[in-house]
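Presented below is the structure to which this report refers.
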Amino acid sequence: MTGPRKIAEIASYHAHIYFDGPEQRAIAMDLRDLISERFSVSLGRVHDRLVGPHVRPMYQVSFDVPTFAGFVPWLMLNRQGLAVLIHPNTGRELSDHIAQGLWLGEILPLVNLEMLKDETVAEEARAPNTVPTLSP
Ligand code: ZN
């Protein structure tokens with residue numbers, strides 16, 4: 001036994017916001033605007049085609065550790081039925097996704113797991129590309 005893992009291993013987080021069909025896509029795009037107006041985060045491209053381990057179209061939100069405390073509760077209140085995966089980035093990509101994440105709403109399967117490596121450098125939060133002007 002090496003003892004429990006330290007939260008200092010968490011270099012950043014991702015939220016993957018999934019959508020299914022045109023109605024949910026519109027909700028996801030509205031949510032994207034609401035996020036950009038309220039949080040200093042990095043909004044990733046909208047993937048209408050499946051990428052990585054994801055089985056539904058989605059976009060990624062990369063954010064730093066201090067942002068978690070405000071952003072995740074806000075998502076709880078405002079995800080409007082969309083499935084969301086929030087996972088830490090500790091450098092163990094596989095377990096970060098399949099074991100250490102939390103889901104809001106529906107739990108989706110993850111695929112293509114062979115592309116996730118468990119011994120990588122933990123990803124720091126990407127530079128924010130939003131300019132929030134409203135309080136959450
Ligand atoms: Zn991710």
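At 222 nm, what helix-only mean residue ellipticity would the chain give, in deg cm²/dmol to the nearest 500, using -39500 (n - 2.57) for each DSSP H run of four or more?
Rounded to the nearest 500, it is -9000 deg cm²/dmol.
Indicate the gyration tensor shape class of segment 18-112 (rounded, prolate or oblate), computed on the Cα atoms with a ≥ b ≥ c the square roots of the eigenvalues: a/c under 1.5 is rounded; otherwise a/b larger than b/c is prolate and the rest oblate.
Values: a/c = 1.57, a/b = 1.06, b/c = 1.47.
In terms of gyration-tensor shape, oblate.
By per-residue mean of other Cβ atoms within 10 Å, what is the highest-first order of 109-118, 57-66, 122-131, 27-36?
Details: 109-118: 11.8, 57-66: 20.0, 122-131: 14.2, 27-36: 16.7.
Listed from highest to lowest mean packing, they are 57-66, 27-36, 122-131, 109-118.
Per residue, how much accessible area does the chain have with a 1.4 Å probe, in Å²?
In whole numbers, the chain has 56 Å² accessible per residue.
Name the residue from Gly91, Asn112, Leu75 whose Cα lies farthest towards the positive end of the charge dipole of segment 64-136, charges +1 on Cβ of Lys and Arg and -1 on Cβ of Asp and Glu.
Value computed over the given set: Leu75.
Given charges of +1 on the Cβ of Lys and Arg and -1 on the Cβ of Asp and Glu, with all other atoms neutral, how large is the dipole of segment 18-112 about its Cα centre, in debye to the nearest 20?
Using only the charged Cβ atoms, the result is roughly 100 debye.
Kindly express, to the nearest 10 degrees and within the range 0 to 90, the angle between helix 65-78's C-alpha long axis and the longest C-alpha principal axis of the chain.
Tilt relative to the chain: about 50 degrees.
Please work out whether segment 1-58 counts as rounded, prolate or oblate from its C-alpha gyration tensor, where a ≥ b ≥ c are the square roots of the eigenvalues and a/c under 1.5 means rounded, while otherwise a/b larger than b/c means prolate and anything else oblate?
It comes out oblate by the Cα gyration axes.
Kindly express, to the nearest 10 degrees and within the range 0 to 90, the angle between helix 21-38's C-alpha long axis and the longest C-alpha principal axis of the chain.
80
Of all accessible surface on segment 18-112 at a 1.4 Å probe, what whole percent is carbon and sulfur?
Carbon with sulfur: 52 percent of the solvent-accessible area.
Find out how many positive minus negative residues lie around Arg5, taking Lys and Arg as positive, Asp and Glu as negative, among other residues whose Cβ is under 12 Å from that of Arg5.
Working: positive: Lys6, Arg92; negative: Glu9, Asp96.
Residues near Arg5 contribute 0 overall.
The values are calculated or read from the model by the stated rules, or taken from the named source; none is laboratory data. Computed from a prediction, not measured in an experiment: that's the story for all the values here. Quick reminder, even Gly has a Cβ in these numbers, built from the backbone with ideal geometry, and neighbours come from all protein chains shown. SASA here: full protein model, heavy atoms, side chains in, ligands and nucleic acids out. Shrake-Rupley method; radii C 1.70, N 1.55, O 1.52, S 1.80 Å.
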